[in-house]
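Worksheet: one structure, shown below.
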Amino acid sequence: MDKYLIVGLGNPGDEYAETRHNTGYMVLDAFAKASNIVFEDRRYGFVAETSLKGRKVVLLKPTTYMNLSGNAVRYWMQKENIEQDRLLVIVDEIALPLGSFRLKGSGSNGGHNGLGHIQQLIGQQYARLRMGIGNEFARGQQIDWVLGRYDEEELKILQPAIDKAVEIIKSFVLAGLDITMNQYNHQGKAVHN
């Protein structure tokens, strides 16, 4: 059976809920809700499983804290015997405006400590969906920004991107990376009314 690992990066604990750095968690929560599945507390993360047209999909929200995310990703890839080209990591991205997104097949970690640790352990060749969180912070305030909570207005801007991300996960599993990038990346521009 074809297996896919979909990872949403974030930090465990109520104090991090709905923070910008937990946007990956929020996407997986939305996917799980739409799929009527629930996460269980397992080794290195919260894990939920479903299948799409006969393909097994493992959802992982690492509980290792962001800068050790690679431990969880590597463990679940090995445990489930999942190939690297069947891995999709969803991550917050300050270089993109809020409400936008970009799907890529490989690349640098862009200074993101979660991606940085994954890269150390498995390399750069894996798909990642970067969810824009904007960068309206003063110099030296980046940590406060990414660990800050979304307000109601921001969540309204983010929600369509989260909905789109749920579609992207399905497309990645069913149609593959290239088709999914072609179909969705042009839709990833933030829409501001």
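The values are calculated or read from the model by the stated rules, or taken from the named source; none is laboratory data. Quick caveat: nothing in here was measured; it's all calculated off a predicted structure. Heads up, the Cβs are rebuilt from the backbone with ideal geometry, glycines too, and the neighbour counts pull from every protein chain shown. For accessibility, only protein heavy atoms count, side chains too; no ligands or nucleic acids. Shrake-Rupley method; radii C 1.70, N 1.55, O 1.52, S 1.80 Å.
Here is how the numbers come out for the structure above:
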{"read-out": "Residue check, ASP41 modelled with pLDDT of 95 or more, within 25 Å of GLU15 (Cβ to Cβ), assigned to a strand (DSSP E or B) and open to solvent by 80 Å² or more (accessible area, probe 1.4 Å)", "value": "yes"}
{"read-out": "Pairs, first part of a loop (DSSP other than H, G, I, E, B) in region 85-104, second at pLDDT below 95 and surrounded by 22 or more Cβ atoms within 10 Å (Cβ to Cβ), C-beta under 9 Å, six or more apart", "value": "ILE94/HIS112"}
{"read-out": "Residue satisfying all of: in region 125-137; assigned to a loop (DSSP other than H, G, I, E, B) and touching an Asp or Glu at 6+ places or on another chain (Cβ under 9 Å); surrounded by the most Cβ atoms within 10 Å (Cβ to Cβ) among these", "value": "ILE133"}
{"read-out": "Region 67-87, subset of a type outside the set (Val, Ile, Thr) and either closer than 29 Å to ASP144 by Cβ or touching a His at 6+ places or on another chain (Cβ under 8 Å) (or both), residue surrounded by the most Cβ atoms within 10 Å (Cβ to Cβ)", "value": "SER69"}
{"read-out": "The one condition in (1) more than 20 Å from GLN120 (Cβ to Cβ); (2) in contact with a Ser or Thr (Cβ under 9 Å, 6 or more places away or on another chain); (3) open to solvent by 70 Å² or more (accessible area, probe 1.4 Å) that ALA95 fails to fulfil", "value": "(2)"}
{"read-out": "Which listed residue is touching a residue at least 24 places away in the same chain (Cβ under 8 Å) and closer than 20 Å to ASN36 by Cβ, from LEU68, LEU52", "value": "LEU52"}
{"read-out": "Yes/no for ILE122 being in contact (Cβ under 8 Å) with a residue 40 or more places away in the chain, open to solvent by less than 80 Å² (accessible area, probe 1.4 Å) and not acidic (Asp, Glu)", "value": "yes"}
{"read-out": "Some residue of region 101-117 being over 16 Å from the mean Cα position of the chain (by Cα) and surrounded by fewer than 20 Cβ atoms within 10 Å (Cβ to Cβ)", "value": "no"}
{"read-out": "Test for TYR25: is it in contact with a Lys or Arg (Cβ under 7 Å, 6 or more places away or on another chain), surrounded by 20 or more Cβ atoms within 10 Å (Cβ to Cβ), outside any helix (DSSP H, G or I) and of a type outside the set (D, E, K, R)", "value": "no"}
{"read-out": "Test: residue in region 165-172 that is in a helix (DSSP H, G or I), among the aromatic types (Phe, Trp, Tyr) and surrounded by 13 or more Cβ atoms within 10 Å (Cβ to Cβ)", "value": "yes"}
{"read-out": "Test: residue in region 45-63 that is of a type in the set (S, T, N, Q) and in contact with an Asp or Glu (Cβ under 8 Å, 6 or more places away or on another chain)", "value": "yes"}
{"read-out": "Residues (in contact (Cβ under 8 Å) with a residue 24 or more places away in the chain and open to solvent by 60 Å² or more (accessible area, probe 1.4 Å)) located in region 138-156", "value": "GLN142, LEU147, ARG149"}
{"read-out": "Some residue of region 48-55 being surrounded by fewer than 23 Cβ atoms within 10 Å (Cβ to Cβ), closer than 16 Å to VAL166 by Cα, among the hydroxyl-bearing types (Ser, Thr, Tyr) and over 15 Å from the mean Cα position of the chain (by Cα)", "value": "yes"}
